[in-house]
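What follows is a set of notes on a single structure, which appears directly below.
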Amino acid sequence: MDMITFRLAADTDADVAALVALYDGAARWMRDRGIDQWTPGERDAEHFRLRIKQDEVWFAEVGGEIAGAWELWWEDLPAWGPQPPVAGYLHRLMVDRDRAPAGTGRAMLARAEQRIAEAGRPLSRLDCKSGNPRLQPYYESAGYRAVGEQRAKEGSDGSRYTVTLLEKRLFAPGADTGAQER
């Protein structure tokens, strides 16, 4: 298997353009397969610049080429509401279907979970549109479990939808992870 490496995205025109292209490519791939999750053009350069400044955005690379990316937030008020600092929140896990070898999505999840544990947080959390016939089972097969739903989220087009909240325990609270709290 090809070696997958990871790096933080920088607030550069090249990295931001790559993130927009990854998002739009993933959104088109899902739409073409009848998966209602993202809309092409829904996340622009300003979205990714803000995420890079406020949180962490990571790239997965294979042979020096970008194969995928994800956002790691340390708080997610829209989906999870106010919470104690016990989790990292994954968003926009996306792969380049032409470059990413099989298993890239799982490798990105594992690296994100490792980063969350390094920050001393015992939970990895994410959400997906409720009723997504492929995405929720994918996350469940990676060890996530549905813990609730959040209703009446508003899409960029003003539409309302519900998301399923999923989480995975990474370690027991109080366990020595050797990590520093972020």
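The values are calculated or read from the model by the stated rules, or taken from the named source; none is laboratory data. All values derive from a computational prediction rather than experimental measurement. Note that we place each Cβ from the backbone using ideal geometry, even for glycine, and neighbour counts take in every protein chain shown. Heavy atoms of the whole protein, side chains included, go into the accessibility calculation; ligands, DNA and RNA do not. Shrake-Rupley method; radii C 1.70, N 1.55, O 1.52, S 1.80 Å.
Roughly how many debye, to the nearest 20, is the charge dipole of the chain about its Cα centre, given +1 on each Lys and Arg Cβ, -1 on each Asp and Glu Cβ, and no other charges? If you can, show how the numbers build up before the last one.
Details: 25 positive and 29 negative charges, 112 e Å.
With Lys and Arg at +1 and Asp and Glu at -1, about 540 debye.
Once phi is turned into ³J(HN,Hα) by the Karplus curve 6.51 cos²θ - 1.76 cosθ + 1.60 with θ = phi - 60°, what whole-Hz value does each residue of segment 74-79 show in order, with x for glycine and proline?
Result, ordered by residue: 9, 7, 9, 5, x, 8 Hz.
How much area per residue is accessible in the chain when the probe is 1.4 Å and only protein heavy atoms are counted (Å²)?
Working: 9200 Å² over 182 residues.
Using a 1.4 Å probe on heavy atoms only, each residue of the chain averages 51 Å².
Carbon-plus-sulfur fraction of the accessible area of the chain, 1.4 Å probe, in percent?
On the way: 4400 of 9200 Å².
About 48 percent, which is the carbon plus sulfur part of the accessible surface.
From the backbone phi of segment 9-19, what are the Karplus-calculated ³J(HN,Hα) couplings (6.51 cos²θ - 1.76 cosθ + 1.60, θ = phi - 60°) in whole Hz, Gly and Pro given as x?
6, 10, 7, 10, 4, 5, 5, 5, 4, 5, 5
Plugging the Kirkwood radius over Cα pairs into Stokes-Einstein for segment 75-163, at a temperature of 4 °C and a viscosity of 1.567 mPa s, what D comes out in µm²/s?
Details: Rh = 14.5 Å.
Estimated via Stokes-Einstein, D reaches 90 µm²/s.
Mind putting together the pair-distance distribution for segment 100-143? All Cα pairs, 10 Å bins, whole percent per bin, short to long.
Bins of 10 Å from zero give 24, 49, 26, 1 percent of pairs.
Take every DSSP beta bridge whose two residues both sit in the chain, then give the antiparallel share in percent to the nearest 5. It would help to have the intermediate numbers written out before the result.
On the way: 31 of 35 bridges.
Just about 90 percent of them are antiparallel.
Find the Rg to Rh ratio for the chain, where Rh is the Kirkwood radius over alpha-carbon pairs and Rg uses the same atoms. Spell out each step's value before the answer.
Working: Rg = 15.8 Å, Rh = 16.8 Å.
That ratio is 0.94, to two decimals.
Given the convex hull of the Cα atoms of segment 12-109, what is a quarter of its surface area in nm²? Provide the component values of the computation, followed by the final result.
Values: hull surface 27.6 nm².
It is 6.9 nm².
Rounded to the nearest 500 deg cm²/dmol, what is the calculated helix-only ellipticity per residue at 222 nm for the chain, with -39500 (n - 2.57) per DSSP H run of length n ≥ 4? Present the calculation step by step, with values, prior to reporting the outcome.
On the way: 5 runs with 56 residues, N = 182.
Helix-only estimate at 222 nm: -9500 deg cm²/dmol.
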